[in-house]
1. How about the stretch 16-61: which of its residues are under 11 Å from residue 3 (Cβ atoms) and among the aromatic types (Phe, Trp, Tyr)?
2. Could you check, for the stretch 5-17, whether at least one of its residues is within 9 Å of the chain's Cα centre (by Cα) and at pLDDT below 90?
3. Tell me which of these residue 55 doesn't satisfy, since it passes every other one: (1) more than 11 Å from the chain's Cα centre (by Cα); (2) part of a helix (DSSP H, G or I).
4. Can you find even one residue in the stretch 33-43 that is assigned to a loop (DSSP other than H, G, I, E, B), exposed (fewer than 13 other Cβ atoms within 10 Å of the Cβ) and of a type in the set (A, V, I, L, M, F, W, C)?
5. Which condition from (1) surrounded by fewer than 10 Cβ atoms within 10 Å (Cβ to Cβ); (2) touching a residue at least 12 places away in the same chain (Cβ under 8 Å) is the one that residue 48 breaks?
6. Are any residues in the stretch 8-32 open to solvent by 40 Å² or more (accessible area, probe 1.4 Å), in a strand (DSSP E or B) and not hydrophobic (A, V, I, L, M, F, W, C), and if so, which ones?
Amino acid sequence: MTIEGFPYLINNSRYFLANYLGKLSKNVKNIAIITPDTMQKEDALKAIKPLVMFQGRIIQRLLGKVS
């Protein structure tokens, strides 16, 4: 599992994107939203889209596809 280093903040709670990787590969098999703060289901659901979009943007920059 990997955890993204940049949280999404909603109502003073930090939500992180966790990636579950395959056992034999580095491919992402599933994702989860985690927080060291108090988990609120509604806020966690709101955090999914921005976190996934941010991760995709970072990957595109690393691959040189976005300036």
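1. Within the stretch 16-61, 16, 20 qualify.
2. yes
3. So residue 55 meets the others, but not (1).
4. Among the residues of the stretch 33-43, at least one is assigned to a loop (DSSP other than H, G, I, E, B), exposed (fewer than 13 other Cβ atoms within 10 Å of the Cβ) and of a type in the set (A, V, I, L, M, F, W, C), which makes the answer yes.
5. (1)
6. Answer for the stretch 8-32, where residues must be open to solvent by 40 Å² or more (accessible area, probe 1.4 Å), in a strand (DSSP E or B) and not hydrophobic (A, V, I, L, M, F, W, C): 8, 14, 20, 29, 30.
The values are calculated or read from the model by the stated rules, or taken from the named source; none is laboratory data. The structure displayed is predicted, hence computed values, not measured ones. So basically every Cβ, Gly included, is an ideal-geometry build from the backbone, and we count neighbours across all protein chains shown. Heavy atoms of the whole protein, side chains included, go into the accessibility calculation; ligands, DNA and RNA do not. Shrake-Rupley method; radii C 1.70, N 1.55, O 1.52, S 1.80 Å.
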